[in-house]
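Sharing a structure, written as structure tokens. Questions coming.
The values are calculated or read from the model by the stated rules, or taken from the named source; none is laboratory data. Everything quoted here is computed from the prediction, not taken from an experiment. Methodologically, a virtual Cβ is constructed for each residue, glycine included, from the backbone with ideal geometry; neighbour enumeration extends over all protein chains shown. To get the accessible areas, we keep the full protein, side chains included, count just its heavy atoms, and leave off ligands, DNA and RNA. Shrake-Rupley method; radii C 1.70, N 1.55, O 1.52, S 1.80 Å.
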Amino acid sequence: MAEGEKIVSRIIEEEMKSAYIDYSMSVIVSRALPDVRDGLKPVHRRVLYGMSELGLASNRPYKKSARIVGEVLGKFHPHGDGAVYDTMVRMAQEWSLRYPLVDGQGNFGSLDGDNPAAMRYTEARLRKIAEEMLVDLEKDTVDFKLNFDDSLSEPTVLPARIPNLLVNGASGIAVGMATNMPPHNLTEVVDATIAYIDNRDIEIPELAQYVKGPDFPTGGIIYGVEGIHKAYATGRGRVVMRAKADIVELKGEREQIIISEIPYQVNKASTLAKIDGLVSEKKIEGIADARDESGRGEPVRLVIDIKRDFNARVVLNQLYQLTPLQSTFSINNVALVKGRPQTLNLKDMIRHYVDHRHEVVVRRTKYELEEARKRAHILEGLLIALDHLDEVIALIRASRDGDVARAGLIERFDLSELQAKAILDMRLQRLTGLEREKLQAQYQELKEKIDYLESVLDDEDLRMTIIKDELNEVKDKFGDDRRTEITYADGEITIEDLIANDDMVITITNQGYIKRTNASEYQAQGRGGVGSKGTGRKDADFVEHLFIARTHNYLLFFTEKGKCYWLKVYAIPSGERSHRGRAIQNLINIDRDDSIKAFITVENFDDKDFVDSHYIMMATRKGQVKKTSLRDYSRPRTNGIIAINIAEGDELIEAKLTNGESQIVMAVKSGYAVRFEEEKVRVMGRNAMGVRGISLQDEADEVVGMVVVPNDEKKILVVSEKGFGKKTPLSEYRLTNRGVKGVKTMNVAEKTGGVSAIKQVEDTEDEDLMIITRNGITIRMKVADISSLSRNTMGVKLISIRDGDAIASVAKVVEREDDEEETEESKE
């Protein structure tokens with residue numbers, strides 16, 4: 001051992017773990033995954049940059065591929081020459097990239113899987129579209145980093161005037177993750193990007209109106225759109241690709257199948273060999289001959305002769321089933337975002353690209369502004385010299401040397417070093433009158449350019465207009481028609497496509513029976529009426545929950561034990577108002593000793609921004625509250641998940657959807673309520689128990705409800721067990737900390753019974769209230785007809801309660817115009 005060295009003991013498991021993590025991150029970041037901004041892996045970026053440094057523009061002569069590989073290998077990519085050459089070859093193949101970036105000359109392989117010629121035989125240069133990836137690189141638009149030996153610098157990303165990640169796709173296998181992104185049509189992607197710039201809140205289905213689906217370089221047919229929509233919404237999906245085939249009738253009642261396009265990444269020769277094998281094994285009996293008639297003018301022409309008395313359509317379906325003529329492309333949109341791998345949906349990829357282009361435009365503008373100011377500074381000095389030409393000439397002639405002349409100019413005319421040097425370097429030709437006019441015109445142009453560049457930096461809308469103009473320019477240059485057709489697969493019409501997205505009244509009984517009924521069946525009645533029969537009862541069962549949801553919504557059910565279950569509204573059996581419904585246990589896997597206590601509706605879980613910005617606030621009977629991110633509930637499970645840990649003797653009673661900036665109002669049976677900011681409750685995991693929300697008056701007291709309110713303009717509706725109720729402005733409930741006793745919300749007496757429910761309401765004509773008793777009596781009334789009273793009052797009678805009955809549930813109903821028209825028709 002050398003002097004000064006020592007051996008450090010290390011546990012081998014820790015050393016292997018550390019080394020493996022370092023290796024995996026190196027593979028993920030530096031080799032296998034593309035950057036979301038330019039859609040390139042490091043090796044692709046280095047090939048394009050290396051070719052640019054060699055001056056291999058699209059209008060310059062080709063250079064040997066070996067020369068290019070040597071340039072990239074020696075300066076930027078210290079790996080095998082095969083990796084660099086294979087990368088360059090793929091970027092030159094018309095069947096590999098939808099818009100190839102390299103213009104190759106020589107044998108670069110074929111669709112039959114033939115290998116390209118050795119790099120010493122082939123030549124290459126950049127294509128015009130690749131130059132758009134590199135444009136403005138010299139204007140400090142992107143960051144540079146040192147190469148592997150710190151002798152040169154290379155760009156960390158390209159300016160990428162083209163949305164290359166979507167346009168050309170990417171594929172790669174890292175450690176523990178992979179990416180497989182399909183190519184798309186440039187025209188469609190540019191249109192979608194411009195639509196996003198015009199409307200940042202645009203939804204993914206709207207973007208999909210522009211980007212119809214993947215557009216493969218080999219054409220073919222995408223069979224079915226469900227996988228496309230799923231991939232665009234989640235970043236993962238499965239696309240079925242089919243060869244494009246035409247059936248031709250021949251003489252003698254014979255048919256022929258002509259295949260002119262094959263699925264992406266399918267080997268033509270091996271596919272033909274597969275067909276021959278199936279014919280030899282007699283797995284397909286209707287084929288007389290299969291041959292390849294492909295030529296230079298027609299890259300793919302597979303001809304399949306069908307035997308007499310066999311149906312060509314049946315044979316074609318067998319070929320789709322048994323050969324690569326039907327293949328799948330598993331979409332997995334994983335890319336590096338700020339150096340970290342992320343799974344991206346369609347909007348994410350467009351958003352990150354626009355952000356990148358915006359940064360490029362800002363940095364380019366700053367660079368051009370600085371250069372323009374430098375040039376304008378020089379011109380100002382030259383113009384000063386021309387204005388005092390005789391004096392300048394005399395000063396220079398009287399000076400001993402250049403340094404003295406420069407110092408004299410600076411002192412006499414208050415010039416900078418640069419201006420004085422420019423005057424001394426000025427040729428005598430510039431002293432003519434015509435040259436002076438040129439200088440003045442040039443200076444004026446620079447002033448106008450500086451004003452424009454400053455306005456660009458001050459106006460984001462102007463920068464976005466520049467991005468859109470550049471995208472349209474790219475589309476005009478390189479945009480083309482789709483190559484891949486998209487057809488609907490059999491059975492792709494889902495049950496949701498056949499069900500109207502209407503408002504439904506959902507009722508759940510105390511014994512766990514559920515049903516849905518169209519909201520229009522409930523007619524509005526006056527305050528104080530006796531109501532109408534709403535739900536049939538069996539024995540001592542009664543309706544405990546009633547709420548409104550749309551047919552296509554998700555329902556998240558929360559049980560008293562703190563579990564959460566998922567169900568689509570249309571999956572709930574429909575029934576008339578007098579029907580009891582169906583046992584929930586037959587629809588979701590809820591425990592028999594558990595019961596539904598709370599519920600929320602969610603449009604869908606595909607909107608990542610919505611899911612990440614919303615939370616579920618829960619309350620228990622004993623006054624606990626808990627906030628959990630909606631993201632934690634985005635993956636439905638058949639057996640449900642734990643939503644909150646419940647202490648012994650407690651139970652969950654309420655769950656509400658919040659946006660993180662709301663206020664919470666909780667009420668207890670004894671007539672008190674507390675109001676506090678939602679931010680007082682931190683976000684917790686699903687297994688947490690929560691924190692204290694309100695203090696109970698005694699052991700008999702309990703929480704009866706919780707509402708989420710956005711501002712002081714709302715009103716709080718309180719309903720007692722014996723049918724009394726009132727509205728009170730939210731402003732009368734002062735803001736406090738959570739966990740306190742609160743203020744009185746209702747004057748509770750024997751006449752009113754304890755507080756039964758609390759709701760947030762508005763005094764609008766289109767908002768109704770639905771009240772239901774334990775005996776199944778319902779009444780619907782206008783919220784506007786309910787009296788507004790202060791907190792410390794009993795309220796007025798809302799419904800006549802018979803002996804032994806009590807309020808079971810209170811729900812709001814917000815009618816739409818078409819609902820009102822249906823109600824009027826039902827009245828007639």
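With a cut-off of at most 14 other beta carbons within 10 Å, and DSSP calling the residue loop, which GluC sites (Glu not before Pro) in the stretch 215-295 qualify? Please list them.
Passing sites in the stretch 215-295 are Glu253, Glu281, Glu285, Glu293.
Would you kindly work out the equivalent ellipsoid of the chain from its C-alpha gyration tensor and give its semi-axes, the square roots of five times the eigenvalues, largest first in whole Å?
The answer is 64, 44, 27 Å, longest axis first.
Taking Cα pairs under 8 Å and at least six residues apart, what relative contact order does the chain come out at, in percent?
Worked out over the chain, it gives 9 percent.
Something else now. Kindly report, to the nearest 10 Å², the accessible surface of His377 as traced by a 1.4 Å probe over protein heavy atoms only.
Ignoring ligands and nucleic acids, His377 comes out at about 60 Å².
So, one more: Give me a comma-separated list of calculated 3J(HN,Hα) values for the stretch 228-243, in order, Karplus coefficients 6.51, -1.76, 1.60 applied at θ = phi - 60°, integers in Hz, x for any Gly or Pro.
Coupling constants for the stretch 228-243: 5, 4, 5, 5, 5, 7, 10, x, 9, x, 9, 10, 8, 10, 10, 5 Hz.
Roughly how many nanometres apart are two label points built 7 Å out from the Cα toward the Cβ at Glu138 and Ala394?
Result for the modelled spin labels: 4.4 nm.
Give me the lysines in straight-line cross-link reach of Lys307: C-alpha distance below 23 Å, same-chain residues under 8 apart excluded.
Lys244, Lys251, Lys268, Lys274, Lys282, Lys283
How much of the accessible area of the chain, probe 1.4 Å, is carbon plus sulfur, in whole percent?
Summing carbon and sulfur atoms, their accessible area is 45 percent of the total for the chain.
How big is the equivalent ellipsoid of the stretch 313-372 along its three axes, where each semi-axis is √(5λ) from the Cα gyration tensor, reported in whole Å from largest to smallest?
46, 15, 8
Report, to the nearest 10°, how far helix 402-413 tilts away from the longest principal axis of the Cα atoms in the chain, using its own Cα long axis and a range of 0 to 90°.
Compared with the principal axis, the helix lies near 50 degrees.
Aspartates and glutamates within cross-link reach of Lys145: Cα-Cα under 19 Å, excluding same-chain residues under 8 positions apart?
Asp35, Asp38, Glu53, Glu71, Asp136, Glu154, Glu359
How large is the dipole of the chain about the Cα centre if only Lys and Arg carry +1 and Asp and Glu carry -1, each at its Cβ, rounded to the nearest 20 debye?
Dipole size: approximately 1980 debye.
Helix 12-27 versus the longest principal axis of the chain: what is the Cα-based angle in degrees, 0 to 90, to the nearest 10?
Roughly 70 degrees, rounded to the nearest 10.
Please work out the FRET efficiency for the pair Lys64 and Ser153, using the Cβ-Cβ distance as r and a Förster radius of 22 Å; give the result to the nearest 0.05.
0.30
If packing is taken as the average number of other Cβ atoms within 10 Å across a peptide's residues, how do 191-204, 47-60 rank, most packed first?
47-60, 191-204
Along its three principal axes, how long is the stretch 567-662 when you only count alpha carbons? Whole Å, largest extent first please.
Cα extents, longest axis first: 40, 37, 26 Å.
If you don't mind, another one. What ranking, highest mean first, results for peptides 264-273, 179-188 when packing means the other Cβ atoms within 10 Å averaged over each residue?
179-188, 264-273
Just how many pairs of Lys in the stretch 1-142 have C-alpha atoms closer than 25 Å, counting pairs that are eight or more places apart or on different chains?
For the stretch 1-142, qualifying lysine pairs total 13.
Let me ask you something else. Counting C-alpha atoms alone, how compact is the stretch 35-103: give Rg to one decimal and Dmax as a whole number, in angstrom.
Calculated on Cα positions, Rg and Dmax stand at 11.5, 32 Å.
List the extent of the Cα atoms of the stretch 643-733 along each of their three principal axes, largest first, rounded to whole Å.
Its Cα atoms span 37, 32, 18 Å along the three principal axes.
Highest mean first, how do 616-627, 571-582, 552-563, 451-462 rank when packing is the count of other Cβ atoms within 10 Å averaged over residues?
Sorting 616-627, 571-582, 552-563, 451-462 by mean packing, highest first, produces 616-627, 552-563, 571-582, 451-462.
Nothing charged except the Cβ atoms of Lys and Arg (+1) and of Asp and Glu (-1): what's the magnitude of the dipole of the stretch 351-413 about its Cα centre? Round to the nearest 20 debye.
380
Which entries of Lys656/Lys727; Lys515/Lys597; Lys563/Lys626; Lys627/Lys715; Lys374/Lys421 show an alpha-carbon separation above 18 angstrom in the structure shown?
Beyond 18 Å: Lys656/Lys727; Lys627/Lys715.
Pick out, in residue order, every one of the GluC sites (Glu not before Pro) in the stretch 78-157 that is DSSP loop and has at most 14 other C-beta atoms within 10 Å; say none if there are none.
Glu94
For the stretch 179-337, build the convex hull from the C-alpha positions and give me its volume per residue in Å³.
Considering the Cα atoms of the stretch 179-337, their hull volume per residue is 139 Å³.
Please list, in chain and number order, the residues 5+ apart from Lys563 or on another chain whose amide H is under 5 Å from its amide H, with Hs placed from the backbone.
When sequence neighbours closer than 5 places are left aside, the close amide H contacts are Ala643.
For n ≥ 4 DSSP H runs only, could you compute -39500 (n - 2.57) per run for the chain, divide by its residues and tell me the 222 nm figure to the nearest 500?
-9500 deg cm²/dmol
Per 0.36 nm of contour for each residue apart, how much would the distance between Glu285 and Met689 grow if the chain were fully extended, relative to their Cα-Cα spacing?
138.8 nm
At 7 Å along the Cα-to-beta-carbon direction for both Lys366 and Asp461, put a label point, then send me their distance in nm to one decimal.
Here the answer is 2.5 nm between the modelled labels.
Just to confirm, what accessible area per residue do you get for the chain at 1.4 Å probe, in whole Å²?
48
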